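Taking it in order: structure first as structure tokens, then the write-up.
The values are calculated or read from the model by the stated rules, or taken from the named source; none is laboratory data. Quick caveat: nothing in here was measured; it's all calculated off a predicted structure. When we count neighbours, we look across all protein chains shown, and the Cβ atoms used for this are built from the backbone with ideal geometry, even at glycine.
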Amino acid sequence: MSPFASHAAAAEPGVIEEVETRTSLARPWNVIVHDDPITLMTYVTMTLQKVFGYSQDKAHGMMMDVHSKGRAIVWTGAREQAELYVFKLHSAQLSATLEQVED
Amino acid sequence: MQPVVAPRPDGGITMLFLPTDLSDLLLGLPAILDSDDRPEVRSRLYPAPSDDEEANADWERLMVPELFALIASARDVMARDLETLELTRDHPVGGRLDIPPEHSSAWISGLNAARLVLGAIHGIDADDMADDAVFLEDGERARAIVLVHLLGELQGVMIEVASRPPYEIDDTRYDADDTPDEPTE
């Protein structure tokens, strides 16, 4: 089920739905920032500091990971919070996605 | 006279002595941001957040309008500040642009969006950004790449100014001896 739809529309009650919900809650979600050749490195660092409250050193290290590896996990946790962070990163035009941590 | 980008003590930025060609590039920023309904631009500014098609459709419906409004808001702030530049564009000493500190975030974000729009429209990649030869080339695409660099310089200065600690007045220059004498009758 779509995470965004789950906030807006009530699902039909049923056993299958409950099992799916439990499964999705069991594993956390990663917020991933992807490299972009145009966005300034200082802008990425500044945005990570603003969105997550990271120190300058931590944000800079994550930015360098994004730059050198093409992508980096910048946060891991509950899905709703991950969605909010992705929205904030998109608000700053950073290329960001979320994906569930694999078993 | 050389253009000057001067950080202000209050955290704002003043640009002075801007030649008309540079003024025109800056005055064109709102129009660049108006291009964000082109498909290649939309896919960069409003990317899908996951590989779940249903979730992405909900994101497009619920979140993208808000993201769109944020860029429109930054565009409006920039357009208002550029009114001064429009008025001074043809001044003999060059144009002037004042960006107050409370507009700094909108400018930093808007400049980033404008660079991404140009990058999406012209298919600018990492090789293009690293190629200094582009400064010697002509043509619309080469000019777009140069503009991406130019706007990046301005954005970099604004980020640096915004990252500085608040300006502190140095009051150690004054001491009791500097107090004006009492007026004499």
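Odds and ends about this structure:
- Qualifying residue in segment B:28-36 (condition: modelled with pLDDT under 95, surrounded by fewer than 19 Cβ atoms within 10 Å (Cβ to Cβ) and more than 17 Å from the chain's Cα centre (by Cα)): no
- Enumerated helices (runs of 4 or more DSSP H) restricted to segment B:28-95, each holding at least 2 residues that are touching a residue at least 12 places away in the same chain (Cβ under 8 Å): B:29-33, B:39-45, B:64-88
- Given (1) touching a helix residue (DSSP H, G or I) at 6+ places or on another chain (Cβ under 9 Å); (2) exposed (fewer than 13 other Cβ atoms within 10 Å of the Cβ), index of the condition B:ALA69 fails: (1)
- Subset of segment B:96-111 [in contact (Cβ under 8 Å) with a residue 40 or more places away in the chain and surrounded by 18 or more Cβ atoms within 10 Å (Cβ to Cβ)]: B:ARG96, B:LEU97, B:ILE99, B:HIS103, B:SER104, B:TRP107, B:ILE108, B:GLY110, B:LEU111
- Condition met for B:ILE124 (in contact with a helix residue (DSSP H, G or I) (Cβ under 7 Å, 6 or more places away or on another chain) and not in a helix (DSSP H, G or I)): yes
- Pairs, first within 21 Å of A:PRO28 (Cα to Cα) in segment A:50-74, second surrounded by fewer than 17 Cβ atoms within 10 Å (Cβ to Cβ) and among the acidic types (Asp, Glu), C-beta under 9 Å, six or more apart: A:ARG71/A:ASP65; A:ALA72/A:ASP65; A:ILE73/A:ASP65; A:VAL74/A:ASP65
- Those residues of segment A:61-103 which are away from chain B (no Cβ under 13 Å), among the acidic types (Asp, Glu) and in a helix (DSSP H, G or I), in sequence order: A:ASP65
- Within segment A:29-60, tally of residues that are aliphatic (A, V, I, L, M), in a loop (DSSP other than H, G, I, E, B) and in contact with a Leu (Cβ under 7 Å, 6 or more places away or on another chain): 1
- Some residue of segment B:100-113 being more than 14 Å from every other protein chain (Cβ to nearest Cβ) and assigned to a loop (DSSP other than H, G, I, E, B): yes
- Condition met for B:ALA130 (within 12 Å of another protein chain (Cβ to nearest Cβ), surrounded by fewer than 10 Cβ atoms within 10 Å (Cβ to Cβ) and at pLDDT below 95): yes
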